[in-house]
Amino acid sequence: MKSSARELTYAEAIRDAFAVALERDPRVLLLGLGVPDPKGFFGTTLGLQKQFGADRVMDMPCAENGMTGVMLGAALNGLRPVINHQRLDFALLAMDPMCTQAAKWHYMFGGAMKMPVVFRMIIGRGWGQGPQHSQCLHSWFAHIPGLKVVMPTTPHDAKGLLLAAIEDDNPVVFIEHRWLHHLKGEVPAGHYTVPIGPARRARAGRDVTIVAFSYMVLEALEAAEKLAEDGIDAEVIDVRSLRPLDQSLLLASLRKTGRLVVADTGHSTAGMAAEILAIAGESAFGSLRAAPRRVCFPDCPTPTSPSLSAEYYPRAGHIVAAVRATLQRPPNDDDLLVPAGAELDKPNPAFTGPF
Amino acid sequence: MLAAATLPPTVATALSVRLLESMVRIRFVEEAIARHYAGQQMRCPVHLSIGQEAAAAGVCAALRADDLAMSGHRSHAHYLAKGGDLPAMIAELYGKATGCCQGRGGSMHLVDLAAGFVGAVPIVGSTIPIATGLAFADRQLKRDRVTVAFLGEAATEEGVFHESANFASLHALPLVFVCENNLYSVYSPMHVRQPAHREVWQLAAGHGIAAHQGDGNDPLAVHELMHAAVAHARAGRGPVFLELKTYRWREHCGPGFDNHIGYRTEAEYLAWRERDPIARFEHRLQQSGEFDELRHAQFKDAVEAEIAAAFAAAQLAPFPAGTSLLHHVYAES
Ligand SMILES: Cc1ncc(C[n+]2csc(CCOP(=O)(O)OP(=O)(O)O)c2C)c(N)n1
Ligand SMILES: [Mg+2]
């Protein structure tokens with residue numbers, strides 16, 4: 001199919017991927033609370049039920065655990081379901097079917113069956129999402145052999161990775177950050193996939209490697225711009241696939257820069273950032289010229305009060321500060337200043353609540 | 001059982017007035033939240049119970065002060081009816097240090113232990129087993145308290161509801177499940193979630209639990225059902241499930257109305273507005289001569305003043321200090 005690119009938002013790119021998948025393969029099925037709702041699941045499913053029918057674009061009972069298991073049976077028996085969760089926190093009710101069943105099915109039955117299912121989850125942030133609507137637990141899933149885990153950052157990758165996830169014969173956890181939904185970018189029309197695995201170099205640089213996940217890629221790119229003003233040339237790597245994880249791009253970058261800062265949207269303890277540091281330590285030890293750093297959430301649940309956003313959520317400035325440290329540059333107090341008028345709990349300037 | 005209808009007239013009147021005032025106070029508080037929300041200072045999702053006040057008022061009026069209650073995302077009414085502190089709730093919506101969770105929670109996480117309101121959280125169904133555990137501990141420790149688990153009808157679709165109901169039934173726990181069936185889960189109507197040929201209360205009956213359905217917009221009817229349920233549970237005769245039919249007037253989350261976006265009809269909404277629990281009950285009290293116009297006007301003024309003071313205090317209150325971010329992750333033992 002000939003591809004022509006146009007500007008879409010991330011949310012539109014997700015919708016586009018669904019439309020392509022539903023059109024190409026009658027086995028594809030979308031299920032989830034509110035999937036056909038009038039707001040279109042943050043705009044990512046708008047009009048799909050009308051176009052493809054209520055038996056392929058389905059609402060469901062409020063029963064994440066049971067319905068995930070049901071979809072595993074459907075996947076074994078000829079369908080290719082995508083289970084959609086408006087918050088990652090809701091998917092946690094289904095840890096058994098995802099991690100103990102789906103992840104092991106192919107292996108434990110000696111390869112007898114395939115489990116083509118996608119678990120799609122959205123991470124919340126800011127505006128009162130608080131302790132139970134903004135958990136970033138991608139590291140949990142990345143810990144499980146048998147699952148694949150992707151976290152695309154750009155609209156292009158969102159569409160391409162979602163199509164790849166739907167076409168994969170293994171269970172894939174597809175995680176979107178809510179604060180990426182309004183982001184615009186070039187998205188080819190029609191069918192294409194972005195392979196699950198390879199990382200993406202989001203910016204080339206010589207002095208330091210910033211490895212970032214999901215929304216933190218945007219903060220890392222902003223950090224790189226600030227660092228450039230001080231003559232520091234940062235390379236930014238968008239991991240986008242957590243499992244399998246692309247070590248080669250990371251290691252090649254480290255051999256070039258010798259310095260590493262990892263920016264994650266989750267906690268540092270036992271998290272993905274620790275995994276990146278472990279890879280650097282195991283496979284690029286000789287190249288490292290400074291102790292690597294992590295920029296992650298503090299070790300506490302997400303507080304709701306907007307006043308704690310600045311303390312809680314790491315920003316570009318935190319990445320800049322970490323980079324200075326790896327370069328043995330003096331700290332700059334200005335790095336962590338919150339610009340006057342900045343509203344750190346809003347996904348975009350147009351947002352006025354409630355959700 | 002002492003149902004309101006069988007109470008001596010003066011006691012019945014006192015109950016009616018209490019129910020009306022409880023409902024009016026909840027409505028005024030939530031209307032004030034809706035008005036102030038546009039100021040963008042309550043920076044959290046809010047799930048209003050406007051239209052559903054009779055359930056909270058009728059249920060909590062049948063409880064003792066030391067009885068316990070838990071709820072979900074739509075919990076303002078339950079918290080207030082149970083006696084939760086109003087200024088602490090409003091301050092919590094503003095994310096302030098004086099809030100009932102010290103700003104950690106927001107609208108979806110309310111708590112007031114002094115009032116027996118043990119907590120509300122927004123993961124659908126999650127407080128049902130926890131409330132069951134409260135009742136279990138009370139039974140083990142030989143206290144004669146009753147626990148109420150407030151839930152929406154969608155929570156009966158979650159596995160934990162059934163697991164909890166089975167256990168509560170097995171151990172005859174002093175627990176009342178109060179299910180407000182407002183016909184929707186966000187934008188999803190009942191018919192995409194539950195079979196039309198089975199009523200919600202029958203789910204509980206299937207677990208061997210005494211289960212009843214009632215008019216959730218009639219505070220006296222709710223109170224009567226609850227009064228009997230509490231007596232049943234407190235006497236050690238096991239849990240009770242009440243399905244209360246009602247309707248939320250405003251959008252699922254937020255201050256506005258959303259009948260125009262297509263998931264329900266304006267006509268359906270208007271039909272339920274006709275059954276406004278407050279106007280209808282006020283009218284009934286007028287008819288029966290139990291309504292004291294002057295007293296009610298004074299009550300409304302007092303509540304408006306109380307609410308204005310709570311908002312003013314919340315707006316002026318300090319935010320939690322940044323240095324407190326890591327407080328309370330673990331309890332100090
Ligand atoms: C486990 C889980 N799944 C989904 C959600 C999203 N959600 C929030 S409120 C809600 C509706 C619940 O409906 P109901 O229990 O009937 O309560 P109502 O909102 O009608 O009062 C849903 C699905 C959630 N918070 N938790
Ligand atoms: Mg409901």
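Can you say whether B:L183 is open to solvent by 30 Å² or more (accessible area, probe 1.4 Å), touching an Asp or Glu at 6+ places or on another chain (Cβ under 8 Å), among the hydrophobic types (A, V, I, L, M, F, W, C) and within 13 Å of ligand 2 (Cβ to nearest atom), as far as the supplied structure shows?
The answer is yes for B:L183.
Could you tell me which numbered condition A:A142 fails, if it satisfies all but one of (1) open to solvent by less than 30 Å² (accessible area, probe 1.4 Å); (2) touching a residue at least 40 places away in the same chain (Cβ under 8 Å); (3) under 15 Å from A:T193 (Cα atoms)?
Result: A:A142 passes all but (3).
Looking only at the range A:86-122, which residues are within 16 Å of ligand 1 (Cβ to nearest atom), in contact with an Asp or Glu (Cβ under 7 Å, 6 or more places away or on another chain) and either under 12 Å from A:T302 (Cβ atoms) or not aromatic (F, W, Y) (or both)? Give the steps one after another, and end with the answer.
In the first step, residues of the range A:86-122 are kept if they are within 16 Å of ligand 1 (Cβ to nearest atom); the result is A:86-98, A:119-122.
Narrowing the set further to residues that are in contact with an Asp or Glu (Cβ under 7 Å, 6 or more places away or on another chain) leaves A:90-91, A:93-94, A:122.
Within the range A:86-122, A:A91, A:L93, A:A94, A:I122 meet the criteria.
Out of all the residues in the range A:30-40, which are open to solvent by less than 10 Å² (accessible area, probe 1.4 Å), within 20 Å of B:Q194 (Cα to Cα) and either within 13 Å of ligand 1 (Cβ to nearest atom) or in contact with a Leu (Cβ under 6 Å, 6 or more places away or on another chain) (or both)? Before the answer, list the steps.
Taking the range A:30-40 and keeping what is open to solvent by less than 10 Å² (accessible area, probe 1.4 Å), we get A:30-32, A:34-35, A:40.
Still in the running and within 20 Å of B:Q194 (Cα to Cα): A:30-32, A:34-35.
Within the range A:30-40, A:G32, A:G34, A:V35 qualify.
Of all residues in the range B:138-173, how many are charged (D, E, K, R) and closer than 12 Å to B:G125 by Cα?
4
Here's the yes/no breakdown for (1) among the β-branched types (V, I, T); (2) in contact with a Pro (Cβ under 7 Å, 6 or more places away or on another chain):
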{"residue": "B:V148", "(1), (2)": "yes, no"}
{"residue": "B:A155", "(1), (2)": "no, no"}
{"residue": "B:V160", "(1), (2)": "yes, yes"}
{"residue": "B:S164", "(1), (2)": "no, yes"}
{"residue": "B:H171", "(1), (2)": "no, no"}
{"residue": "B:C179", "(1), (2)": "no, no"}
{"residue": "B:H191", "(1), (2)": "no, no"}
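For the range A:128-240, list the strands (runs of 3 or more DSSP E) that sit wholly inside it and hold at least 3 residues that are of a type outside the set (A, V, I, L, M); which are they? Break it down stepwise before answering.
Numbers: elements: A:148-150, A:172-177, A:184-188, A:200-203, A:208-212, A:234-238.
Where strands (runs of 3 or more DSSP E) fall fully within the range A:128-240 and carry at least 3 residues being of a type outside the set (A, V, I, L, M), they are A:172-177, A:184-188, A:200-203.
In the range B:89-98, what count of residues is obtained for those that are of a type outside the set (F, W, Y), more than 8 Å from chain A (Cβ to nearest Cβ) and surrounded by 22 or more Cβ atoms within 10 Å (Cβ to Cβ)?
Number satisfying all stated conditions: 5.
Looking at (1) of a type outside the set (D, E, K, R); (2) under 16 Å from A:V262 (Cα atoms); (3) open to solvent by 40 Å² or more (accessible area, probe 1.4 Å); (4) part of a loop (DSSP other than H, G, I, E, B), which is the one condition that is false for A:H318?
(4)
Please enumerate the residues belonging to the range A:318-334 that are touching a residue at least 24 places away in the same chain (Cβ under 8 Å) and in contact with a Lys or Arg (Cβ under 8 Å, 6 or more places away or on another chain).
Across the range A:318-334, the qualifying residues are A:V320, A:A322, A:V323, A:A325, A:T326, A:L327.
For the range B:3-105, list the helices (runs of 4 or more DSSP H) that sit wholly inside it and hold at least 3 residues that are in contact with a helix residue (DSSP H, G or I) (Cβ under 8 Å, 6 or more places away or on another chain), more than 16 Å from ligand 2 (Cβ to nearest atom) and basic (K, R); which are they?
Fully inside the range B:3-105 and qualifying: B:9-37.
The values are calculated or read from the model by the stated rules, or taken from the named source; none is laboratory data. Model, not experiment: these values are computed from the prediction. Heads up, the Cβs are rebuilt from the backbone with ideal geometry, glycines too, and the neighbour counts pull from every protein chain shown. These area figures cover heavy atoms from the full protein model, side chains too; ligands, DNA and RNA do not enter into them. Shrake-Rupley method; radii C 1.70, N 1.55, O 1.52, S 1.80 Å.
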